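Inspection log for the structure reproduced underneath, given as structure tokens.
The values are calculated or read from the model by the stated rules, or taken from the named source; none is laboratory data. Note that the coordinates shown come from a computational prediction; the quantities given were computed from them, not determined experimentally. Cβ sites come from the backbone with ideal geometry, for glycine too, and all protein chains shown count toward neighbours. Note: areas computed on protein heavy atoms with side chains; ligands, DNA, RNA excluded. Shrake-Rupley method; radii C 1.70, N 1.55, O 1.52, S 1.80 Å.
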Amino acid sequence: MGLDTHRRNVSERKRASILEAARNSFLENGYSRAGMAEIAREADVSTATLYKHFSSKEELFSAVVKHAGRPVADYSGLLAPNDTARDILYKLCKAYISVQYDHNINALMRIVIAEVPSAPKLAAEMYEVIGNRRNEGLMAVIDAMIERGMLRPHDSAFGVRLGAGMLKEFFVWPALFDANFQMPEDAEDKIEACIDAYLKLYGPAAS
């Protein structure tokens, strides 16, 4: 291993450690109360090293959001050859919900909403990652389903927002207003109801 490669690997490990420490700090303390010195200490790096990677707390928080949001637009591999339209829509719903809960997106969204008046750029960046990029990933799957005849032709941009809106109503909005919100016991029934509604509108047999 060359010296440059070694240095790059060390730098990447430090960056990853900073992001993990920052994410934990933001989730525990919120944006305003999280301190850069404390984050550096938890990441086991110097404050100078932290600022070498991230020039401000806003930049660091933005990086945390982007890192946590990396899976939001990745719906690759969901179009298995023998899947029905319902199978694929079910996997889309489960992936959508998983990102919200397993990657702390609900909690990060609460933090951003609280900071909108003082840091509107944070909100805009989160909307780009969690909103626009995710919709693009969902649209790619819906467009592929339309092309295969699994759904009737429709405006996938509108359809995705409609479908995501149903999921938000059951699984996102309640969690934004209640930090202790848990997945409802009838979550599977709610998912199936959302799929039923989408297929009624856009299934190949829809009138």
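Computed over neighbours whose Cβ is under 13 Å from that of residue 159, the net charge equals +1, Lys and Arg +1, Asp and Glu -1.
Projected label points at residue 143 and residue 169, each 7 Å from Cα along the beta carbon direction, are separated by 2.7 nanometres. I'd like the distance separating the alpha-carbon centroids of the range 1-64 and the range 92-156, in whole Å. Using only Cα atoms to place each centre, the spacing works out to 26 Å.
What the range 56-207 shows is 51 Å² of accessible area per residue, with the surface traced by a 1.4 Å probe over protein heavy atoms. Overall, the accessible surface of the chain at a probe of 1.4 angstrom is composed of carbon and sulfur to the extent of 52 percent.
Packing around the peptides 112-118, 17-23, 168-174, taken as the average count of other Cβ atoms within 10 Å per residue, puts them in this order, highest first: 17-23, 168-174, 112-118. Pairing the Cα long axis of helix 85-102 with the longest principal axis of the chain, what angle in degrees results, from 0 to 90 and rounded to the nearest 10? Helix 85-102 sits roughly 20 degrees off the main axis of the chain.
The simple spin-label model puts a point 7 Å past each Cα toward its Cβ; for residue 37 and residue 179 those points are separated by 2.4 nm. Between 0 and 90 degrees, the angle of helix 156-167 with respect to the longest Cα principal axis of the chain falls at about 80 degrees. Taking 7 Å steps out from each Cα toward its Cβ at residue 9 and residue 80 produces label points 3.7 nm apart. Neighbours of residue 10 by Cβ distance under 15 Å: Lys/Arg scored +1, Asp/Glu scored -1, total +3.
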